[in-house]
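Written below as structure tokens is the structure these notes are about.
The values are calculated or read from the model by the stated rules, or taken from the named source; none is laboratory data. Since the structure is predicted, the reported quantities are computational estimates derived from the model, not experimental observations. We place every Cβ from the backbone using ideal geometry, glycine too, and count neighbours over all the protein chains shown.
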Amino acid sequence: MSSATEDAGGDEAPDLRCQLDCVQGMVDALSSVRWKRHQDAVLELSEHGIVLIVEETGCLQAKVYLKRELFLVYEYAAEGRPRLGLSLGLFVDSLNTFSVPGHNSIIEILYPGPDMQLLLKSVGSLDACFYAEIRTRIPDTISGDYNFQHAGNTPVSFTVKSAVLKEAIDDLEWPGSSIQILLQPDPPSVTFRGEGHGDLQIEFFYYANIDLLIAFQCDRRISYRYKYKFLHATTSNITTSVLKENRGSKVSIGRGGMLKIQHLVSVARSGMQHAYSDAGGLHQPSRIAYIEFFVKPEEDESPINDS
């Protein structure tokens, strides 16, 4: 991290130039998919925004969608959708350095720099301009087999309070174990079952407590098992702001048992209105980052999938 008085991006227009006024919101969103200390990520740039992708051993993938509406400025000049690889930890830690409690700083993101770096710098301060350079690389190939497709005519999904989902998965921890997720329409319910030194089962009944199980859609009994460590990664780093705001997370089971878990993270400046916000609105849909996790089921398990 250095101070500078010149534009580190040079004279040539970069592929991407954008400005963000809530650094902490982006840190929260990206930290949600950071499940280990050393983790590589791929950034995909487009005219629609930025997508960050992380993977683990071909069994787990996560995506953070940062739509262009999240940014104060979003100027895109590249052809196609360039991808760059970087260290997720370094990216989050660098962003976090710009986040000052009680101060809504504005940062500018530029790509590429003179040596294909991702450049971050503070703007709007008369005292100093701080910047960071993050080395990028040619990214590894992203797996193409996480294509989520609904199985059957009726999608199988449920929406549960994020805090409740995290608590349930935390309670099911058995080292090296797998977790069974069972949905059945009669009675409409979701069951999480873990096996280790003993058995632990957590059940949510749709009509019994709709404050916990917000929505439920299932027309047949279906069950798959998932490695606990991959399932745990989908909720282990959910930001406290999501839990405090009592938001819901959507869980879907698709063809072949592919599990998709979706969270919403606010990237709005706390208590601040924006010139482009709707009248009276502080938390517009455009100020939300979308987080998606995809988890493959265990292959050695014969699933229950009653027609």
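Annotations
- Among residues of the range 24-68, those that are touching a residue at least 24 places away in the same chain (Cβ under 8 Å) and either on the phi > 0 side of the Ramachandran plot or aromatic (Phe, Trp, Tyr) (or both), counted: 4
- Restricting the range 203-252 to residues that are part of a strand (DSSP E or B) and free of Cβ contacts under 8 Å to residues at least 60 places away in the same chain, the residue that is surrounded by the fewest Cβ atoms within 10 Å (Cβ to Cβ): 215
- Considering the range 208-243, the residues that are at pLDDT 90 or above and in contact with an Asp or Glu (Cβ under 6 Å, 6 or more places away or on another chain) include one that is nearest to residue 288 (Cα to Cα), namely 225.
- Answer from 182, 200 - the residue that is touching a Ser or Thr at 6+ places or on another chain (Cβ under 6 Å) and in a strand (DSSP E or B): 182
- Single unsatisfied condition, residue 181 versus (1) surrounded by 19 or more Cβ atoms within 10 Å (Cβ to Cβ); (2) at pLDDT below 85: (2)
- Just one of the numbered conditions (1) among the polar types (S, T, N, Q); (2) modelled with pLDDT under 85; (3) more than 21 Å from residue 137 (Cβ to Cβ) is not true of residue 24: (2).
- Subset tally (residues that are touching a strand residue (DSSP E or B) at 6+ places or on another chain (Cβ under 6 Å), surrounded by 17 or more Cβ atoms within 10 Å (Cβ to Cβ) and of a type in the set (A, V, I, L, M, F, W, C)) for the range 137-172: 6
- Meets criteria (assigned to a helix (DSSP H, G or I) and modelled with pLDDT under 95) for residue 165: yes
- Test: residue in the range 107-121 that is part of a strand (DSSP E or B), hydroxyl-bearing (Ser, Thr, Tyr), modelled with pLDDT of 90 or more and crowded, with 16+ Cβ neighbours inside 10 Å: yes
- Whichever residue in the range 262-273 is buried (at least 20 other Cβ atoms within 10 Å of the Cβ) and part of a strand (DSSP E or B) and, among such residues, is modelled with the lowest pLDDT: 266
- Considering (1) part of a loop (DSSP other than H, G, I, E, B); (2) more than 17 Å from residue 165 (Cβ to Cβ); (3) at pLDDT 85 or above; (4) not charged (D, E, K, R), the lone condition that residue 276 does not fulfil carries the number (3).
- Test for residue 251: is it modelled with pLDDT of 95 or more and hydrophobic (A, V, I, L, M, F, W, C): yes
- Filter result for residue 66 (surrounded by 21 or more Cβ atoms within 10 Å (Cβ to Cβ), of a type outside the set (Phe, Trp, Tyr) and not in a helix (DSSP H, G or I)): yes
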